[in-house]
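The values are calculated or read from the model by the stated rules, or taken from the named source; none is laboratory data. Small disclaimer: the values here were computed from a predicted structure and weren't measured. Cβ placement follows ideal geometry from the backbone for every residue including glycine, while neighbour counts extend to all protein chains displayed. These accessible areas exclude ligands, DNA and RNA; they are computed on the full protein's heavy atoms, side chains included. Shrake-Rupley method; radii C 1.70, N 1.55, O 1.52, S 1.80 Å.
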Amino acid sequence: MKPLMFALIFVATAGSALADSCHDRFTELLVEGNQEMGPVRIHITQEIVGSTTSVNYHHSDGEGNGMTEMLEPAESPWSLFLGDKMYMSTDKGENWKFINSFDAEKSRADMKSGLTNDAAAATGILCGEEEFDGTSHEVVEGTYASSMLDGAEIYNKYWVNKQTGWISKSYSHTKSTGFESKTTQVIESVSDLALPKPE
């Protein structure tokens, strides 16, 4: 085999391996998110293009339980998920009303299965590095068609702290017929999280 042809094959193979590795990383971040990192607080800003912008904190205990605290619009109700139950508060968490029950474990399993399948056909996947909040971060981005949102096109970008492996920030741009939204999440670890216990 001629040296030039060998070099071209080597470069093509190496490039394919890197692309596969980047695709695997995108799938991991999309499906698993921050794993085994304990309680978190997520500052979420969502813009419905051409309409409204909402801002909230979502508090999660790392075990599937969480509470969404609405900041803007301030009059919007808060929601609470504990085990297989959902509650709502219209007085900023002072009182909670039971809304319904659901199979939380099945919901999580179905979501992971759907995202895994969606990620397999993701396109435009890139991996690199950027600085966020004064710290070097691994950056992974890509676009997929969401089976859970009737084929809506979703572009996701993740900023992962290179020292801790923690997803510090994510950005999502969703497009479907007659709807478009942009969502930014800034995620921080918290040690003193205590969720309400309505019952």
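Given (1) 13.0; (2) 12.4; (3) 14.8, which label gives mean projected area of the Cα convex hull in nm² as computed from the coordinates? The calculated read-out lines up with (3). For L82, the accessible surface of its heavy atoms amounts to roughly 40 Å² (probe 1.4 Å, protein chains only, rounded to the nearest 10).
Around the Cα centre of the stretch 22-189, unit charges on the Cβ atoms of Lys, Arg, Asp and Glu (plus for the first two, minus for the last two) sum to a dipole of about 180 debye.
A 1.4 Å probe run over the stretch 22-189, with the rest of the protein chains in place, finds 56 Å² accessible per residue.
Helix 104-120 against the longest principal axis of the chain: what's the angle in degrees, Cα atoms only, rounded to the nearest 10? In the chain, helix 104-120 runs at an angle near 30 degrees to the longest axis. Secondary-structure-derived ellipticity at 222 nm for the chain, considering helices only, amounts to -8500 deg cm²/dmol, per-run term -39500 (n - 2.57) for DSSP H runs with n ≥ 4. Given the options G93, G124, G114, state which has the largest fluctuation in a GNM of the chain using a 10 Å cut-off (strictly under) for Cα springs. Among G93, G124, G114, the largest GNM mean-square fluctuation belongs to G124.
For N161, the shell of other residues with beta-carbons less than 13 Å away shows a net charge of -4, using +1 for Lys and Arg and -1 for Asp and Glu. What's the longest uninterrupted piece of the chain once you rule out the trypsin sites (Lys or Arg not before Pro) that are loop residues per DSSP with at most 13 other Cβ within 10 Å? Longest run free of exposed loop sites: 1-91. When both the stretch 26-63 and the stretch 122-199 are represented by their alpha-carbon centers, they are found 7 Å apart.
Of the residues G38, G134, G64, the one that moves most in a GNM of the chain with alpha-carbon contacts below 10 Å is G134. Measuring nothing but protein heavy atoms, the accessible surface of the chain at 1.4 Å probe radius is 53 percent carbon and sulfur. Number of Lys-Lys pairs in the chain with C-alpha atoms under 19 Å apart and a separation of 8 or more places or on different chains: 10. Of the chymotrypsin sites (Phe, Trp or Tyr not before Pro) found in the stretch 76-139, those that fall in a DSSP loop while having at most 13 other beta-carbon atoms within 10 Å are F102.
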